[in-house]
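First comes the structure, then the notes that go with it.
Computed from the coordinates by the stated procedures, all read-outs in this text should not be read as laboratory data. The structure presented is a predicted model; accordingly, all values stated were derived computationally and were not measured. So basically every Cβ, Gly included, is an ideal-geometry build from the backbone, and we count neighbours across all protein chains shown.
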Amino acid sequence: MICTAKIVETIYVGKDNTFSLQFLRDGVPVSTLSFTGYELHFTDGRVFSDPAYFNPKSEGIVEISVGQTMTALDIGKHTAHMVTLDPENTQGVRWPDFTLWVK
């Protein structure tokens, strides 16, 4: 995947808010039907992998809902990345970093 723009997302502490990411390979949306799991990784080592946090949509888009898990200690700028799992990539595919603001 080639990332042509810096992605910045914002979520709010304790809120049931979401953000969406689109997975592209060579500019073409990747089918989320082949994914068997998702992991949201923060650079501080936290990993969110509960399937309830991820809602696949069409056109390679996945809606992510982790705001309700954030606390006041999480407020600030974080670097994160996604890992997607599928039958051929059981160790996962790591996608590029993005910035996640927690307010």
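Assorted remarks:
- Computed from Cα atoms alone, the Kirkwood hydrodynamic radius reported for the chain is 14.0 Å.
- Positive end of the dipole of the chain (Cβ unit charges, origin at the Cα centre): among Phe19, Tyr53, Leu85, the Cα lying farthest that way belongs to Phe19.
- Alpha-carbon centroids, region 65-103 and region 4-52: separation in whole Å: 6
- Around the Cα centre of the chain, unit charges on the Cβ atoms of Lys, Arg, Asp and Glu (plus for the first two, minus for the last two) sum to a dipole of about 280 debye.
- Segment Asn89..Arg25, full-extension length gain: 21.5 nm, with 0.36 nm per residue of separation and the alpha-carbon distance subtracted.
- Based on Cα contacts under 8 Å between residues 6+ apart, the chain shows a relative contact order of 37 percent.
- In plain terms, the chain from Ala72 to Lys57 could stretch by 2.4 nm, reckoned as 0.36 nm per residue minus the Cα-Cα distance.
- Counted charge near Val47, where neighbours are those whose Cβ lies closer than 15 Å (Asp, Glu -1; Lys, Arg +1): -3
- The chain: antiparallel DSSP beta bridges as a percent of all, rounded to 5: 85
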